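Written below as structure tokens is the structure these notes are about.
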Amino acid sequence: MRVFGLAGWSGSGKTTLIAEIIPYLVRRGVTVSTIKHAHHGFDIDQPGKDSWKHRAAGATEVMVASGTRWALLHELRDKPEPDLEELATRLEPVDLLIVEGFKRHRHPKMEIIRPSLGKPRLYLQDSAILAVALAEALDASEATALHLPAFGLGAIAEIAEFILAHAAELRGIGA
């Protein structure tokens, strides 16, 4: 499976960009799945529902299925967080896996930069970042020093085409 990631600080615009890129790719006939990394505990289940009760009772995995979708909830129960490769093996094969987050993993990625957040630039320390997408203009000195392709966040077709051209096989990339 080919993979490409979008990395950036919280509030930079990663999720919004992904939600705009996916329809473009689908119109091109590309099958897409996503993995989003969360740095905190999260829950997609609702307290009091049957599936929540199953997990609360100690089930390691709970699957909820209907005529329109299914979801698998897996409790780690003090086991280590799985890496990106392990998580990807749980997905059906697609043409492109878009990864949101997993900043430290070595898959090819694009950094989403919103200068007003005042956060450090990831591309300065990560050679797997191949381009940047800008939510706002960079100051003149950074713009001059930037030696990566740069896109405005509204350049959906150009960003999607860059992603397709630079996605890599997930196996063997490593953290």
Evaluate the following for PHE102: is it of a type in the set (Phe, Trp, Tyr), surrounded by 11 or more Cβ atoms within 10 Å (Cβ to Cβ) and assigned to a loop (DSSP other than H, G, I, E, B)?
yes
May I ask you to verify whether LEU91 is outside any loop (DSSP other than H, G, I, E, B), closer than 25 Å to ILE22 by Cα and either modelled with pLDDT of 90 or more or not hydroxyl-bearing (Ser, Thr, Tyr) (or both)?
no
Across region 17-36, the tally of residues that are assigned to a helix (DSSP H, G or I) and touching a residue at least 60 places away in the same chain (Cβ under 8 Å) stands at 7
Condition check for GLU158: assigned to a helix (DSSP H, G or I), surrounded by 11 or more Cβ atoms within 10 Å (Cβ to Cβ) and touching a residue at least 60 places away in the same chain (Cβ under 8 Å)
no
All positions within region 105-125 that are in contact (Cβ under 8 Å) with a residue 40 or more places away in the chain and touching a strand residue (DSSP E or B) at 6+ places or on another chain (Cβ under 9 Å)
HIS105, HIS107, PRO108, LYS109, MET110, GLU111, ILE112, ILE113, ARG114, LYS119, LEU122
When region 105-130 is examined, which residues are found to be touching a helix residue (DSSP H, G or I) at 6+ places or on another chain (Cβ under 9 Å) and either part of a strand (DSSP E or B) or surrounded by 16 or more Cβ atoms within 10 Å (Cβ to Cβ) (or both)?
HIS105, HIS107, PRO108, LYS109, MET110, GLU111, ILE112, ILE113, ARG121, ILE129, LEU130
All conditions in (1) over 18 Å from the mean Cα position of the chain (by Cα); (2) at pLDDT below 90 are true of GLY118 except (2)
Within region 32-63, the residues that are closer than 19 Å to LEU84 by Cβ and either among the aromatic types (Phe, Trp, Tyr) or surrounded by 12 or more Cβ atoms within 10 Å (Cβ to Cβ) (or both) are VAL32, SER33, THR34, ILE35, LYS36, HIS37, PHE42
Would you mind finding the one in ASP83, ASP78 that is within 29 Å of LYS103 (Cα to Cα) and either surrounded by fewer than 10 Cβ atoms within 10 Å (Cβ to Cβ) or basic (Lys, Arg) (or both)?
ASP78
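The values are calculated or read from the model by the stated rules, or taken from the named source; none is laboratory data. What you see is a predicted model, and the numbers here were worked out from it, not measured in a lab. Reconstructed Cβ throughout: ideal geometry from the backbone, glycine too, with neighbour counts over all protein chains shown.
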